[in-house]
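Got a structure for you, written out below as structure tokens; questions coming shortly.
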Amino acid sequence: MAMLRVLAASILLSCLVSAWAPIAPTSAAGPAFAQGGDEKAVLAIIEALFASFEAGDSAAMLRQVYPDGRVTASGTRGDGATNLRPQSWAMFAERITPQRAFQERIADPTVKVDDDIALVWAPFIVRVDGKVSNCGIDHFDLVRENRVWKVMNLTFSSRTTGCPAE
């Protein structure tokens with residue numbers, strides 16, 4: 001009976017250890033993420049989105065996004081309070097007009113693609129009439145449906161101080 005208890009305890013301990021052990025990556029470099037073509041296609045959608053902002057073309061913007069997605073801005077108001085502003089793409093599109101056009105550029109993007117999902121994380125600068133308006137970090141979530149990439153969500157931080165003066 002004692003031997004049976006030792007065997008049961010040994011099996012239980014082995015199961016517990018394996019349950020808590022980290023899952024080994026698929027290669028020494030980590031999980032196998034797509035490279036090259038998918039990354040370029042993802043960045044092309046973001047560039048098309050930025051072109052629609054610059055043209056003030058809300059219809060072109062809406063062609064680059066997944067209708068059920070969201071835009072969420074996070075920043076600090078002048079009084080120091082944090083300000084979280086979530087909205088639908090349709091609500092955001094109301095702000096995209098030729099009279100309110102702006103230029104947005106990202107630098108040094110981190111792009112991760114796995115199957116039909118992707119994310120892009122990058123610092124950005126927004127210019128209005130050639131002058132720096134704000135800056136922060138963009139985080140894009142993209143999905144591919146029927147071989148077409150679209151932006152599902154855009155979440156970004158925003159500040160008006162400490163921006164690169166480029």
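Say whether the condition of being touching a residue at least 40 places away in the same chain (Cβ under 8 Å) and over 14 Å from S58 (Cα atoms) is met by at least one residue in region 75-94. Explain how you work it out, then say what you get.
Quick first cut of region 75-94, residues touching a residue at least 40 places away in the same chain (Cβ under 8 Å) only: 75-76.
Applying the additional criterion that residues be over 14 Å from S58 (Cα atoms) yields 75-76.
Scanning region 75-94, I find at least one residue that is touching a residue at least 40 places away in the same chain (Cβ under 8 Å) and over 14 Å from S58 (Cα atoms), so the answer is yes.
Go through (1) of a type in the set (D, E, K, R); (2) farther than 15 Å from E54 by Cα; (3) free of Cβ contacts under 8 Å to residues at least 60 places away in the same chain and name the single condition D129 misses.
So D129 meets the others, but not (2).
When the residues of region 82-104 are filtered to those that are farther than 20 Å from C135 by Cβ and over 17 Å from the mean Cα position of the chain (by Cα), which remaining residue is surrounded by the most Cβ atoms within 10 Å (Cβ to Cβ)?
A93
Next question. Report, by residue number, each residue of region 49-60 that is buried (at least 16 other Cβ atoms within 10 Å of the Cβ) and either touching a residue at least 60 places away in the same chain (Cβ under 8 Å) or under 22 Å from V113 (Cβ atoms) (or both).
Answer for region 49-60, where residues must be buried (at least 16 other Cβ atoms within 10 Å of the Cβ) and either touching a residue at least 60 places away in the same chain (Cβ under 8 Å) or under 22 Å from V113 (Cβ atoms) (or both): L49, F50.
Could you check region 120-132 and list, in sequence order, the residues that are in a strand (DSSP E or B) and either surrounded by 16 or more Cβ atoms within 10 Å (Cβ to Cβ) or on the phi > 0 side of the Ramachandran plot (or both)?
Result: V120, A122, P123, F124, I125, V126, R127.
Coordinate-derived values only; no laboratory data. Computed from a prediction, not measured in an experiment: that's the story for all the values here. Neighbour counts are summed over all protein chains in view; Cβ atoms, including those assigned to glycine, are modelled from backbone coordinates with ideal geometry.
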